[in-house]
Structures are given as C-alpha cells and as structure tokens.
Protein chains: 2
Amino acid sequence: MEIFTSISSWQNWRNVIPSTQNVGLVPTMGALHAGHQSLITRCRQDNDICTISLFVNPTQFNDENDLANYPNTFEADRKLCEAEGVDAIFFPDYSELYPDDYRYRVSENEVSPLLCGTHRPGHFDGVLSVVMKLLNLVRPQRAYFGEKDWQQLQLVKGMVEAFFMPLIIVGCPTVRDIDRLAISSRNLHLSKRHREKAARFPKILAAQAPAEEVARLLEADGFEVDYVQDFKGRRCAAIHCGGVRLIDNMPLYEGNQK
Amino acid sequence: MEIFTSISSWQNWRNVIPSTQNVGLVPTMGALHAGHQSLITRCRQDNDICTISLFVNPTQFNDENDLANYPNTFEADRKLCEAEGVDAIFFPDYSELYPDDYRYRVSENEVSPLLCGTHRPGHFDGVLSVVMKLLNLVRPQRAYFGEKDWQQLQLVKGMVEAFFMPLIIVGCPTVRDIDRLAISSRNLHLSKRHREKAARFPKILAAQAPAEEVARLLEADGFEVDYVQDFKGRRCAAIHCGGVRLIDNMPLYEGNQK
C-alpha cells in the first residue's frame with residue numbers, strides 16, 4: 001500500500017495508471033470506522049484500484065472547537081486501510097490541497113442553505129470545494145459516499161452533474177451499530193451514558209408521525225433538536241446529545257411504516 | 001468541421017479521441033474577430049485537434065440589455081472557423097450547459113471583487129462557472145484566452161491551479177486595430193464618430209503617469225471612466241465611449257516608458 005502526502009508524488013503515481021484500469025476513491029476525514037470500511041469494500045468490488053483520501057478539511061468546519069476536537073487516528077486508519085486492501089492513501093496537508101488558501105470555492109444556493117446548512121453556515125461550500133479538488137486530483141471512475149450524510153450526497157451528485165465531471169458518485173447504505181445508532185466518528189465523543197441515550201435517536205426518527213411530531217418526541221426525550229425534515233425521499237434529522245452533534249436519515253416509507 | 005449543439009453528441013465525439021492526440025480549446029462567446037482568430041492559430045499550432053466553443057453565457061452578464069445586445073453572428077463565425085481549420089465547434093444552448101440552472105457556481109473572493117468586478121457584480125462567478133463546465137466537457141490539454149481580458153485570464157489560471165485541473169491555460173497577446181484600439185466584439189456597437197474617438201483610449205492608457213492621472217486624462221478627453229488600476233504587472237482600465245463599455249490593459253513598463 002502506498003501513502004502519499006504531497007500532490008506531486010500522488011500525481012506521479014496516478015499518472016502512470018493505465019486508462020484501462022478503473023480507479024475508485026473513498027474520500028474521508030480519517031477516524032475510519034465500519035461505515036468507511038463498507039465504502040472501501042464496495043470500492044474494491046467495483047474497481048481495479050481502490051484509493052482513499054484522509055484529510056480533515058478545515059473549510060467545512062464552521063466551529064473551531066469542533067475542528068480542534070476532530071479525532072486524529074492516522075496509525076489506526078493506516079492499519080485498517082492495509083487490512084482492507086486499499087492500494088493507496090492520499091494524506092495531504094492544508095497547504096498542499098489549498099494553494100489558493102480557499103480563495104476559490106464551489107457553492108450551491110438552493111439545497112446548501114437547508115437542513116445542516118442552516119446550522120452550519122458555509123459547511124457545504126467547504127465540502128463541495130474540497131471534493132472538487134480531490135476528484136480532480138484522483139480522477140476516479142467512481143467515488144463513494146455514505147448515505148448517512150444524505151444532504152452531502154445529494155449536493156456532491158448535483159455538483160458532478162452541473163460541472164460534467166466524468167465519474168459516478170456511488171451512495172452506500174448507512175452502517176448502524178447493534179442498537180441502530182448510525183456509526184460516526186463523532187460517536188467517540190459520547191460518554192457511556194450519552195452513548196446509551198443516543199440509541200433512542202434512530203428509534204424515534206423511525207416513528208410513524210409527521211416530522212414536527214418526531215422533533216417534539218426527540219425534545220421530550222431530552223435531545224436538543226437542530227431539525228427534523230423530509231428531504232428528497234428521506235426523513236433527515238440533526239440533534240445534540242451530551243454536547244455531540246449527531247445526524248441521521250431514513251427512507252420516508254420506513255419512517256411511515258415502522 | 002464538426003458542429004455539436006448537444007452535450008451527448010459532443011461527448012460521443014470527444015470520447016473517441018485517442019489519448020495520444022492533444023486537444024486545444026478556444027472558449028468564446030461568438031462574434032469572432034481577429035483576436036479570436038489569433039487564439040485559433042495558436043491553438044492549431046500547439047495541438048493535434050483544435051476545438052472552439054461558441055456560447056453567449058448569460059450568467060456573466062449583470063446587465064440584461066448588454067446580454068440582449070450581444071452580437072449573434074453564427075453563420076459568420078462558422079465560416080471563420082471553417083477557414084481557420086477548426087476541427088469542431090461546440091455550440092450548446094443554456095439548458096444543455098446549465099442543467100442545474102446555475103444552482104452551482106465557482107467563485108473567487110479576492111481578485112473577483114476588484115476592477116471589472118466592482119462594476120459588474122457577479123460577472124466573474126459566471127465566467128469561472130462556465131469555464132469550469134467547458135473545460136470538463138472538452139478536457140483539453142490547453143485552453144486559450146486573450147490577454148485583453150487580463151483579470152479574467154488571471155482568475156481562470158488561478159481556478160485551474162486551485163482545483164488541480166489537468167491542463168495549461170495559455171494567455172495570448174491582445175490583437176489591436178491599426179489605430180491601436182484593442183479588438184473586441186463590442187467595437188461593433190460604436191458609431192463611426194465614437195469608433196474614431198475610442199482610438200484615444202489605448203494612447204492615453206500608455207501615458208507615462210500614475211494611474212490616477214491617466215484616469216483624469218481619460219475623463220478630460222470625454223470618456224466615462226470605470227477604473228484605471230495597476231494589477232499584476234499591468235495597467236488595466238475600463239471606460240465607456242458612446243454608451244459602449246471598453247476595456248484594455250498594457251504591461252506596466254510600457255505604461256511607464258512610452
């Protein structure tokens with residue numbers, strides 16, 4: 001497995017991959033877990049070469065504390081990638097990936113301000129801008145994103161269409177813990193008590209009730225609710241539990257039937 | 001010479017060009033003149049295949065009248081391209097190029113608000129966004145832009161670097177009429193009297209004097225001045241002459257020596 005930290009070494013490697021070989025990319029912010037693992041598995045199935053990027057992207061954090069507290073687990077990430085058969089890790093730092101110091105950005109003005117965008121101003125500009133950079137550097141045939149970040153997945157798909165980028169964005173199902181909590185690197189920040197309590201989030205979100213009612217149920221359970229909203233066939237929600245922000249979403253029929 | 005109006009027919013053609021062949025692109029808004037001609041000549045010299053796009057991009061017009069009055073000369077453009085040995089014209093309409101209806105855009109926040117950006121809010125967002133689309137659709141090894149639009153040229157170069165787009169932006173010298181007026185499709189809108197008067201614009205701009213003094217000289221000559229400003233080694237200016245907006249720029253040493 002190769003590890004590249006500089007753009008130039010990455011490009012030297014990328015440029016000699018024959019065009020007959022399909023390349024897949026799993027873009028991540030590190031702190032890899034079972035969710036990422038499922039993306040890597042799918043990426044390996046679909047492509048000749050499986051690459052992963054590890055980059056905690058500062059431009060998508062609207063809260064400096066949130067950025068400072070983001071888990072940094074490179075050694076564990078490297079081992080997981082090795083074990084999962086990743087071919088190359090791209091692990092650049094900010095100055096490599098942002099030679100422009102974020103003077104240039106990609107934005108979207110309809111979906112971006114909704115849901116998580118309301119609570120995290122500028123978040124999706126940062127996401128779209130870094131994804132554009134990574135996709136141009138890796139030039140994959142396919143890139144893999146989790147459905148857990150449903151709004152992000154829709155925005156990235158839209159960007160690829162709007163700018164005619166020659167690849168397929170593959171959305172992969174949310175991986176859940178045994179108690180149904182969606183797996184997230186942020187779960188590491190939950191105390192034992194709050195981790196137990198967090199399991200009620202997906203259960204309440206699956207309630208057969210209007211979104212407003214689900215928001216009331218979550219609040220009644222002691223969660224601070226950012227939003228519960230139906231969006232593109234999904235019921236999406238963001239809450240705070242013991243100071244940790246958690247997001248989740250479910251297909252609408254599931255929300256209505258279960 | 002091929003002419004494509006749909007993205008899909010364009011892509012079918014583009015996708016079968018072997019990777020051993022270099023492709024050049026001259027992005028234009030049509031109304032082709034000697035300036036474009038020089039870009040085509042250079043593009044043919046440098047590349048195996050010379051392509052040109054003709055698209056009057058509405059998102060870069062902040063003034064609806066300006067857009068409505070933009071010259072539309074497709075038949076003449078087609079003939080010029082044929083005579084100059086262009087291999088393919090890409091001539092899409094808005095709905096083809098903007099499936100997103102401009103929900104997604106590329107912007108830059110430091111250079112964009114200056115000079116022309118001050119007087120044409122949103123102009124460079126439109127330019128960068130459409131250039132990103134065209135470059136991704138054409139995937140050229142080189143793209144050609146005139147130095148006449150100096151600020152645009154710097155911004156496009158910056159975008160290509162910031163997003164690691166795999167091509168070279170080639171800036172080509174401004175082509176001037178016999179009386180030194182920079183050739184522009186907007187010159188067609190000048191009355192005979194104002195066309196004569198416009199020739200004083202490059203002459204005054206070349207004066208050996210500070211930018212503020214040059215602005216005063218232009219105003220004393222009866223031009224309405226948007227700005228005269230030194231930027232990245234050039235003296236740049238925009239004026240109005242008989243209701244027509246004209247821009248020009250010159251290397252600073254020339255402005256200081258001549």
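Just so you know, all these numbers are worked out from the coordinates, no wet-lab data involved. Computed from a predicted structure; not experimentally measured. So basically every Cβ, Gly included, is an ideal-geometry build from the backbone, and we count neighbours across all protein chains shown.
Descriptive notes on the structure:
- Each stretch of four or more DSSP H residues adds -39500 (n - 2.57); spread over every residue of chain B, this sum gives -11000 deg cm²/dmol at 222 nm.
- A point 7 Å from Cα along Cα→Cβ stands in for B:N69, and the other copies hold the same point at 5.8 nm, listed in rising order.
- From the largest down, the range A:185-252 spans 31, 24, 17 angstrom on the principal axes of its Cα atoms.
- Sites B:A34 and B:A199, calculated FRET efficiency, Cβ-Cβ separation with R0 22 Å, nearest 0.05: 0.90
- Qualifying lysines (Cα of each under 26 Å from Cα of B:K197; at least 8 residues distant if same chain): B:K148, B:K258
- Computed with the Debye formula from one identical point scatterer per Cα of the range A:116-202, without solvent, the log10 of I(q)/I(0) at q = 0.14, 0.16, 0.24 Å⁻¹ comes to -0.62, -0.76, -1.18.
- Evaluating kT/(6 pi eta Rh) at 25 °C and 0.890 mPa s, with the Kirkwood radius of chain A over Cα pairs in the Stokes-Einstein relation, gives 129 µm² s⁻¹.
- Mean sequence separation of contacting Cα pairs (under 8 Å, at least six apart), scaled by the length of chain B, corresponds to a relative contact order of 18 percent.
- Most simply put, the protein assembly as shown has about 50% antiparallel DSSP beta bridges, counting only bridges with both residues inside it.
- For the range A:144-258, a Kirkwood radius taken over Cα pairs fed into Stokes-Einstein (25 °C, viscosity 0.890 mPa s) yields D = 166 µm²/s.
- For the range B:21-67 versus the range B:75-136, the inter-centroid distance based on Cα atoms is 9 Å.
- The slack between A:Q208 and A:A83, meaning 0.36 nm per residue of separation minus the straight C-alpha distance, is 40.9 nm.
- The lysines within cross-link reach of A:K133, meaning a Cα-to-Cα straight distance under 19 Å and a gap of 8 or more places when in the same chain, are A:K157, B:K133, B:K157.
- Vicinal HN-Hα couplings computed from phi for the range A:161-176 (Karplus, 6.51 cos²θ - 1.76 cosθ + 1.60; Hz; Gly/Pro x): 5, 4, 9, 6, 7, x, 7, 10, 8, 9, x, 10, x, 4, 8, 10
- Phi-derived couplings, Karplus 6.51 cos²θ - 1.76 cosθ + 1.60 at θ = phi - 60°, listed residue by residue for the range B:76-91: 5, 4, 4, 5, 4, 4, 4, 5, 8, x, 5, 8, 8, 9, 9, 9 Hz, with x used for Gly and Pro.
- Where both bridge residues fall in chain B, DSSP classifies roughly 45% of the beta bridges as antiparallel.
- With the convex hull drawn over the C-alpha atoms of the protein assembly as shown, the volume per residue is 171 Å³.
- For the Cα trace of the range B:1-115, dividing Rg by the Kirkwood Rh returns an Rg/Rh value of 0.99.
- For A:H119, the point set 7 Å out from Cα toward Cβ sits 4.7 nm from its twins in the other copies, listed from shortest up.
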